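Just below is one structure, and these are the notes that go with it.
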Amino acid sequence: MKTIAIIGAGPGGLMAAEHLAKKGYKVDIYDHKPTPARKFLMAGRGGLNITHSEPIETFLQKYGESEDFLRPIIEYFTPQSLRIWCAELGEETFVGTSGRVFPQSFKSSPLLRSWLSRLADLNVTLHANHHWTGWNDQGELSFTTPETKTIKPDATILALGGASWPKLGSDGSWTTELEKRGIEISPFRPANCGFYVNWSDIFKSKFAGTPLKSIALTHHDITVSNEIMISQHGLEGGGIYALSKSIRTSIEQHGTTTLHIDLKPDLTEQQLEDRLTKPRGRDSQTNFIRKQTGISPVAINLLYECGNKTKPLAHQIKNIMIPLSETFPIGRAISSAGGIKLSELDGNLMLKRCPSVFAIGEMLDWEAPTGGYLLQATLSMGVFVALGVDKYLKSANI
Ligand SMILES: Cc1cc2nc3c(=O)[nH]c(=O)nc-3n(C[C@H](O)[C@H](O)[C@H](O)COP(=O)(O)OP(=O)(O)OC[C@H]3O[C@@H](n4cnc5c(N)ncnc54)[C@H](O)[C@@H]3O)c2cc1C
């Protein structure tokens with residue numbers, strides 16, 4: 001029986017294992033952590049957004065310049081296929097706000113439990129505490145467990161993840177080993193991340209941890225309506241993650257950039273002007289703004305913190321400008337950009353410079369916003385690579 005080693009027991013590796021075991025291969029998964037899929041479990045903490053229900057063409061556009069690469073992969077295992085797969089594992093899915101799809105339990109753990117039991121039934125063996133260190137001179141895969149162990153499978157799938165949240169396992173330590181083999185790797189950068197803002201002590205002591213809701217955020221020509229979170233060191237949350245690629249790219253190119261916030265998107269500047277020129281009476285300025293515009297205390301204080309005092313109040317409310325020049329560290333980002341350049345792979349996801357070695361998931365150089373796009377692409381790659389490995393092993397007649 002032909003043997004396949006999968007290194008990395010995240011969602012990508014586990015999905016590849018399932019599909020190859022179903023094709024009759026002997027599959028072994030290796031991971032350096034004591035338990036599998038730690039990031040997948042973490043993703044379920046705040047609600048596992050596994051995919052999105054929007055039409056497939058809109059869905060695919062979310063991958064930006066990686067759309068062409070991912071199209072055949074996601075068309076092969078679509079968001080709908082993923083929902084069926086979840087249901088077969090006993091976790092029906094539902095469509096939540098803005099079309100995002102979640103498992104009924106909202107969490108990853110029930111899904112992971114029945115997935116691991118399916119893999120055990122398929123005779124997939126999981127080897128925990130195996131840190132992959134590369135290949136030895138005989139071309140064997142080498143692990144520290146902590147003692148050295150080597151194996152020579154018929155095919156290898158690398159599913160080692162990106163570089164965010166390294167304590168969950170994906171620490172990017174594999175890059176040097178692949179670079180030694182001439183494989184081009186784009187440097188890892190934070191994606192779906194927060195940005196530093198130098199808040200005044202008073203503002204952060206009062207508002208760190210407070211969400212800013214019902215706002216519109218604009219960076220260059222992209223506007224999103226989504227809440228953000230004021231944090232001790234800056235801004236985080238869905239709205240800022242959605243713009244993070246654009247903001248990060250501007251910072252990379254120009255060193256600094258400006259985020260524009262509309263604190264009252266459902267009123268025009270003129271409507272605000274009309275309300276704010278009414279007599280204030282005995283109200284404090286803050287109370288008056290709150291009563292006339294309905295914006296929250298945190299929004300009013302952001303106005304005091306960052307508003308351009310030379311402009312009329314109504315204009316300031318429509319256009320708070322926040323200069324940004326640094327992302328939060330990659331260790332705190334939801335995902336990472338960078339990784340193995342897509343040009344290093346053939347149409348079956350095999351590394352052109354390393355025959356019989358395939359690579360999938362977040363270790364490849366693509367990125368996507370939050371909304372279920374990360375897991376969908378990774379899981380689809382897990383299904384798709386199984387086809388490629390099967391084709392390769394049959395054609396190579398190993
Ligand atoms: C807080 C948080 C919330 C998220 N929420 C969502 C969400 O709701 N929806 C969504 O779509 N995505 C979400 N994501 C992103 C998603 O979890 C990842 O994109 C996904 O887990 C990537 O899967 P992967 O299989 O490529 O890699 P990973 O899940 O990172 O798995 C890689 C595996 O490789 C192992 N490994 C690495 N190096 C070695 C080595 N040298 N030797 C042996 N083993 C090694 C690691 O231990 C790990 O188990 C979230 C991420 C975070 C951090």
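Observations
- From the list Ser343, Ser244, the one residue that fits, being within 16 Å of the ligand (Cβ to nearest atom) and within 30 Å of Arg189 (Cα to Cα), is Ser244.
- Residue match in region 28-46 (condition: touching a Lys or Arg at 6+ places or on another chain (Cβ under 6 Å) and open to solvent by less than 60 Å² (accessible area, probe 1.4 Å)): yes
- So Phe77, is it modelled with pLDDT of 95 or more and under 15 Å from Gln376 (Cβ atoms): yes
- Hey, Pro211 assigned to a strand (DSSP E or B) and either under 16 Å from Ile261 (Cβ atoms) or modelled with pLDDT under 95 (or both) or not: yes
- Residues in region 125-138 that are under 17 Å from Arg181 (Cβ atoms) and either touching a residue at least 40 places away in the same chain (Cβ under 8 Å) or open to solvent by less than 30 Å² (accessible area, probe 1.4 Å) (or both): Trp132, Thr133, Gly134, Trp135.
- Residue list for region 42-62, filter: in a helix (DSSP H, G or I), within 14 Å of the ligand (Cβ to nearest atom) and closer than 14 Å to Ala377 by Cα: Phe59
- Taking region 152-172 as the range and being open to solvent by less than 40 Å² (accessible area, probe 1.4 Å) and near the ligand (Cβ under 10 Å from one of its atoms) as the test, the residues that pass are Leu158, Ala159, Leu160, Gly161, Gly162, Ala163, Ser164, Leu168, Gly169, Ser170, Gly172.
- In the set Glu367, Glu362, only one residue is in contact with a strand residue (DSSP E or B) (Cβ under 9 Å, 6 or more places away or on another chain), within 11 Å of the ligand (Cβ to nearest atom), assigned to a loop (DSSP other than H, G, I, E, B) and touching a residue at least 40 places away in the same chain (Cβ under 8 Å); that residue is Glu367.
- Those helices (runs of 4 or more DSSP H) of region 234-303 in which at least 1 residues are of a type in the set (Val, Ile, Thr), surrounded by fewer than 16 Cβ atoms within 10 Å (Cβ to Cβ) and free of Cβ contacts under 8 Å to residues at least 40 places away in the same chain, considering only elements entirely within it, cover 238-254, 285-293.
- Yes/no for Glu18 being more than 9 Å from the ligand (Cβ to nearest atom), assigned to a helix (DSSP H, G or I) and under 25 Å from Ala163 (Cα atoms): yes
- Region 208-224 - residue that is of a type outside the set (S, T, N, Q) and open to solvent by 90 Å² or more (accessible area, probe 1.4 Å) and, of those, nearest to the ligand (Cβ to nearest atom): Lys213
- Considering residues of region 174-207 that are in a loop (DSSP other than H, G, I, E, B) and among the charged types (D, E, K, R) only, the residue farthest from the ligand (Cβ to nearest atom): Glu184
- Note on region 173-202: residues that are within 24 Å of Met350 (Cβ to Cβ) and buried (at least 17 other Cβ atoms within 10 Å of the Cβ) amount to 6.
- Any hit, region 338-353, residues being touching a helix residue (DSSP H, G or I) at 6+ places or on another chain (Cβ under 7 Å), open to solvent by less than 10 Å² (accessible area, probe 1.4 Å), assigned by TED's automatic domain parsing to the domain that holds Thr223 and of a type in the set (Gly, Ala, Ser): no
- When Gly372, Gly388 are checked against the criterion of being open to solvent by less than 30 Å² (accessible area, probe 1.4 Å) and near the ligand (Cβ under 8 Å from one of its atoms), Gly372 stands alone in meeting it.
The values are calculated or read from the model by the stated rules, or taken from the named source; none is laboratory data. The structure presented is a predicted model; accordingly, all values stated were derived computationally and were not measured. Cβ: placed from backbone, ideal geometry, glycine included. Neighbour counts: every protein chain shown. Accessible surface areas use protein heavy atoms only, side chains included; no ligands, DNA or RNA. Shrake-Rupley method; radii C 1.70, N 1.55, O 1.52, S 1.80 Å.
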